[in-house]
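Undergrad: Encoded as structure tokens, here's the structure I'll be asking about.
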Amino acid sequence: MILIVNKYLLGKSFKGASLWPFVILKNHDLKRDETFINHEKIHLRQQIELLIIPFYAWYLLEYLFRLLQYRDRFLAYKNISFEREAYTQEVKENYLSERKFWAFLKFV
């Protein structure tokens with residue numbers, strides 16, 4: 001994981017983003033936010049499991065499906081299976097060591 005801090009690379013509604021092998025952060029304080037970093041590490045694992053490019057394709061397609069389903073951008077984002085896994089498990093500091101392969105499927 002390579003951390004990059006740059007407030008200009010992200011949209012105003014984003015604090016960070018995982019783009020294998022980078023995690024882009026909006027500000028330096030996020031480096032010390034263990035929950036946030038764990039959330040992004042979960043995304044990096046998901047990306048590796050799906051061989052990176054298919055992850056982004058799935059993410060986009062699921063976002064579009066959820067957008068049609070909820071008709072709300074924020075709800076669509078929060079209900080993407082990858083996000084649901086990351087948000088529910090981000091507080092567990094040992095989650096990645098115990099996580100099963102393709103665990104995000106439980107959240108589809």
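The values are calculated or read from the model by the stated rules, or taken from the named source; none is laboratory data. Note that the structure is predicted; figures quoted are calculated from it, not measured. Heads up, the Cβs are rebuilt from the backbone with ideal geometry, glycines too, and the neighbour counts pull from every protein chain shown.
Undergrad: Between a residue in segment 6-19 that is closer than 16 Å to LEU44 by Cα and any residue that is at pLDDT 95 or above and among the polar types (S, T, N, Q), which pairs come within a Cβ distance under 7 Å, given they are 6 or more apart or on different chains?
TA: From segment 6-19, the pairs are SER18/GLN47.
Undergrad: For segment 92-105, check the following and say yes or no: at least one residue is among the aromatic types (Phe, Trp, Tyr) and either modelled with pLDDT under 95 or part of a loop (DSSP other than H, G, I, E, B) (or both).
TA: Yes, some residue in segment 92-105 is among the aromatic types (Phe, Trp, Tyr) and either modelled with pLDDT under 95 or part of a loop (DSSP other than H, G, I, E, B) (or both).
Undergrad: Given the criteria out of contact with any Ser or Thr (no Cβ under 9 Å at 6 or more places or on another chain), surrounded by fewer than 12 Cβ atoms within 10 Å (Cβ to Cβ) and without any contact (Cβ under 8 Å) to a residue 12 or more places away in the chain, does LEU75 qualify?
TA: For LEU75, the condition - out of contact with any Ser or Thr (no Cβ under 9 Å at 6 or more places or on another chain), surrounded by fewer than 12 Cβ atoms within 10 Å (Cβ to Cβ) and without any contact (Cβ under 8 Å) to a residue 12 or more places away in the chain - is not met.
Undergrad: Being surrounded by fewer than 14 Cβ atoms within 10 Å (Cβ to Cβ), closer than 15 Å to MET1 by Cβ and not β-branched (Val, Ile, Thr) is the requirement here; does GLU34 meet it?
TA: Yes.
Undergrad: Report the residue count in segment 2-21 for those that are in contact with a helix residue (DSSP H, G or I) (Cβ under 9 Å, 6 or more places away or on another chain), surrounded by fewer than 17 Cβ atoms within 10 Å (Cβ to Cβ) and closer than 19 Å to TYR87 by Cα.
TA: 4
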